[in-house]
Structure formats: C-alpha cells, structure tokens
C-alpha cells in the first residue's frame, strides 16, 4: 500500500517519536515544505543535557510532584517535539511550511510555530483539551489551517509492511520474485 503524502509524513512523525526521552509522553514532529522534510524533532532533554527522564527519572516526580498535576509549572526539563523540529530546521526557507505532529501543540509551542510562519498543522491526537483550545484559538486568529489525521497503528503497519506492488520487499522473509 502506497500512503498519501499526509499519511507518509505523519508516519515519519511517529517514527521520530520513537527517539523521545520522556517516560510519560512520546511525541514526534516533521516540518514539510513543498513535499520535502525540512525539520524533524522529538520531545526530550535539551541539547547538551545528558540526564534525561529515561536515565534519571522524571524531573517533576523526582521533586515529589505528580506528573499529570504538574503541567506548566516550570519543573519539566523536556523540550517539546515541535520546538526541536524548529531548532533542527534545515537552512531552507520555511515560510508557509506544514507541521506534522503526533500530539497537538501546547499554547507555548503554538506561539513559537506562529513566529516561524508555519501555515498548516496536521496532528494525530489531542493531549490536553483545555490547552488545545487556546492553541486552536491562536492558530485560528493567525489563519493557520489545522487538520486531524486519523492514522491508526494498523494503518501505519500496513504502510510500512504491506508493499505488494514491489518486487523485492525489504521487510519480507523472502523475495517475492527474482530480480
């Protein structure tokens, strides 16, 4: 099965999320311009910080806080996937680019995305509905197009591993026919 462009780029965002170093949330992001990836990111410790949640535990929990009850209290050392994708933008012009993100951006990330002139956000799922409302309002006011892409894990597996139209499948146990 050959995925459409949105499915392809969201699958890439899902793949990026596998590098996340937060023990609670795995998020991945891909920034696309003219059907070319110009930036990717995942959530985790900032560049240069060796200690991350997977190695030393959640900074919030280490300070006695409940992760779910400690949103936006300034105790998390993690950088969100969107911000890492922006930081990792290739030097190409990004004005008008599309962001593919596995989890809908929080208000802080939404504000930063607006500063980079991102014109479309395609997300897989929502994280926190109250924060999503504020982000959505910011995007709407700035004229950013927002779309949710329903891409199930079954569909991702089909995209990755069901390539019947290909003579030689990289993931098959054996060749389909001699080359």
Could you sort 111-120, 6-15, 139-148 so that the peptide with the highest average Cβ count within 10 Å comes first and the rest follow in order? 6-15, 111-120, 139-148
Given labels modelled 7 Å from the Cα in the Cβ direction, how far is it in nm from residue 95 to residue 50? 4.3 nm
Between residue 160 and residue 4, how many nm apart are label points set 7 Å from Cα along the C-beta direction? 2.2 nm
Note: residue 34 to residue 141 extended length (0.36 nm per residue) minus current alpha-carbon separation gives 36.1 nm
Subtracting the Cα-Cα distance of residue 117 and residue 63 from 0.36 nm times their residue separation yields 15.8 nm
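No value in this document is a laboratory result; all are computed from the given coordinates. This is a predicted model, so every value here is computed, not measured. A quick note on method: Cβ atoms are made from the backbone with ideal geometry, for glycine too, and the neighbour counts reach across all protein chains shown.
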